[in-house]
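Before any comments, here is the structure.
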Amino acid sequence: MTAAQAHALRAAAAFLEGAALAGLSVTADGDGSLVIRVPAGAGAPAARAAAVGVLAAAIGAPAPHRTVFGDCAWIASAGTLAGHPARVTTHVDDKEQHA
């Protein structure tokens with residue numbers, strides 16, 4: 001693990017404790033960039049999209065946007081967390097979109 005990854009993960013841990021949202025997945029690349037995922041198990045698509053919006057606002061990112069490719073959609077936004085590039089995202093598959 002690089003020092004940038006370790007610093008990013010410590011910053012993400014502190015941020016997520018304050019956010020009080022359970023079940024999130026966080027990864028840090030070697031350069032310290034973060035990806036915070038709201039997994040499918042965190043609720044219905046609308047609830048996950050709302051969580052992405054709350055997290056995005058908390059890191060000073062713009063409102064999330066929706067990107068569709070085939071039978072999947074991603075709802076995401078990018079900002080910074082403790083100086084590290086951070087992306088907040090969730091996905092919605094075709095079965096959920098038409099349920």
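Data for the structure
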quantity	calculated
Nonlocal amide H pairs with Leu81, under 5 Å, H built at 1.01 Å	Ala86
Per residue, in Å², the accessible surface of the range 50-89 once ligands and nucleic acids are set aside, probe 1.4 Å	50
Highest-first arrangement of 8-14, 66-72, where packing means the average Cβ count within 10 Å	8-14, 66-72
Residues Lys95 and Asp31, FRET efficiency given R0 of 25 Å [Cβ-Cβ distance, rounded to 0.05]	0.10
Paramagnetic reach from Ala50 in the range 1-22 [backbone N under 19 Å; point 7 Å along Cα→Cβ]	19-22
Over the chain: Kirkwood hydrodynamic radius from C-alpha pairwise inverse distances, Å	13.7
C-alpha long axis of helix 3-19 to longest principal axis of the chain, angle in °	60
Radius of gyration and Dmax over the Cα atoms of the range 1-41, both given in Å	10.4, 31
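The values are calculated or read from the model by the stated rules, or taken from the named source; none is laboratory data. This structure is a prediction, so every number in the text was calculated from the model and none was measured. Positions of Cβ are generated from backbone atoms using ideal geometry, with glycine treated the same way; all protein chains shown enter the neighbour counts. The protein model used for the area step is the full one, side chains on, heavy atoms only, and it has no ligands, DNA or RNA in it. Shrake-Rupley method; radii C 1.70, N 1.55, O 1.52, S 1.80 Å.
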